[in-house]
1. Which of the residues belonging to segment 37-85 are at pLDDT 70 or above and β-branched (V, I, T)?
2. Sort out which residues of segment 89-101 are open to solvent by less than 80 Å² (accessible area, probe 1.4 Å) and in a helix (DSSP H, G or I), and write them in order of number.
3. How many residues, within segment 162-187, are exposed (fewer than 15 other Cβ atoms within 10 Å of the Cβ), aliphatic (A, V, I, L, M) and assigned to a strand (DSSP E or B)?
4. Which residue out of L88, L97 is touching a Pro at 6+ places or on another chain (Cβ under 8 Å) and either within 30 Å of F162 (Cα to Cα) or at pLDDT below 90 (or both)?
5. Output the number of residues of segment 138-156 satisfying the condition of being under 20 Å from Q119 (Cα atoms), among the basic types (K, R) and not in a strand (DSSP E or B).
6. Taking segment 60-88 as the search range and keeping residues that are among the hydroxyl-bearing types (S, T, Y) and open to solvent by 60 Å² or more (accessible area, probe 1.4 Å), which one is farthest from the chain's Cα centre (by Cα)?
7. Answer with yes or no whether R159 is assigned to a strand (DSSP E or B) and open to solvent by 20 Å² or more (accessible area, probe 1.4 Å).
8. Mind listing whichever residues of segment 102-137 are in a helix (DSSP H, G or I) and either open to solvent by less than 80 Å² (accessible area, probe 1.4 Å) or over 30 Å from R159 (Cα atoms) (or both)?
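The values are calculated or read from the model by the stated rules, or taken from the named source; none is laboratory data. Given the structure is predicted, the values throughout are model-derived calculations rather than measurements. Cβ: placed from backbone, ideal geometry, glycine included. Neighbour counts: every protein chain shown. Just so you know, the surface numbers come from the protein's heavy atoms only, side chains and all, with ligands and any DNA or RNA stripped out. Shrake-Rupley method; radii C 1.70, N 1.55, O 1.52, S 1.80 Å.
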Amino acid sequence: MLSRITQRMALKRALARPSPCAKGRAPQTQRRSLTSAPRPGDGPLMERRADRELPDVQTSRFRWSRTFPIFFGIVAATSIAIFNYQKLSSPVVESTLYALRTNARAREYLGDEIYFKAQIPWISGEMNQLHGRIDIKFNVKGTKRTGVMRFASFRPTPRGMFETTEWSLETEDGKVIDLLEEGDPFRAINGRGAEPELDLDDAEDAKVRGFRQMPK
């Protein structure tokens, strides 16, 4: 009985004693390698792992600080271009340019073929028809010379008509030519011209046609 107990204890000691082959080896543990963060230009990330490397926050901030001024500049330039195109396509600019072509003093100084000086004209000034304020100017040219045309008009009351305060042409040497001396061509556009006289018979016919007669 004693010999069996001694054999079992000796066997346990032999099993617990490390083998001479494994003395110089460290205990092996299974580890997963870290997946690097995706870089610009890499393909799509097909799978996501919880132990992947996180991107550098400082590098992202530095790139954003460089690209934000560029983005802000593009948005500002685009907004200015849109507002200028809105002024350029306004009927006010078209009417003033047409009136300039038909004005005798303007044709005498600029010549024929009066048009914008630049291919992409810049309309400077204020054009607020809702509040009744118009004060614009832009460069024009003809076959003889170039100049700067200015047009200013205001509306005294919300339901009133626009009144022209200035319509002039500034020459190359700084001289100002008043184009309103020959009359205001914008009265007909604003509807403030002289109304045609109607005969009494025509007025009576207009009243009869304008209202439905009640049966007697």
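1. T67, I70, I74, V75, T78, I80, I82
2. Taking segment 89-101 first, the residues open to solvent by less than 80 Å² (accessible area, probe 1.4 Å) are 89-90, 92-93, 95-97, 99-100.
Those that are open to solvent by less than 80 Å² (accessible area, probe 1.4 Å) and in a helix (DSSP H, G or I): V92, V93, S95, T96, L97, A99, L100.
3. Counting residues in segment 162-187 that are exposed (fewer than 15 other Cβ atoms within 10 Å of the Cβ), aliphatic (A, V, I, L, M) and assigned to a strand (DSSP E or B) gives 1.
4. Numbers: L97 fails: touching a Pro at 6+ places or on another chain (Cβ under 8 Å).
Going through L88, L97 in turn, the sole match is L88.
5. Narrowing segment 138-156 to residues under 20 Å from Q119 (Cα atoms): 138-150.
Next, only the ones that are among the basic types (K, R) stay: 141, 144-145, 150.
Those still in the list that are not in a strand (DSSP E or B) too: 144-145.
The number of residues fulfilling the criteria is 2.
6. Our first condition is that a residue be among the hydroxyl-bearing types (S, T, Y); within segment 60-88, this holds for 60, 65, 67, 78-79, 85.
When the remaining residues are screened for being open to solvent by 60 Å² or more (accessible area, probe 1.4 Å), the result is 60, 65, 67, 78, 85.
On the way: S60: 27, S65: 22, T67: 18, T78: 4, Y85: 11 Å.
Top of the filtered list is S60.
7. Spelling it out, it is not the case that R159 is assigned to a strand (DSSP E or B) and open to solvent by 20 Å² or more (accessible area, probe 1.4 Å).
8. So in segment 102-137, the residues in a helix (DSSP H, G or I) come out as 102, 104-110.
Those that are in a helix (DSSP H, G or I) and either open to solvent by less than 80 Å² (accessible area, probe 1.4 Å) or over 30 Å from R159 (Cα atoms) (or both): A104, R105, A106, R107, E108, Y109, L110.
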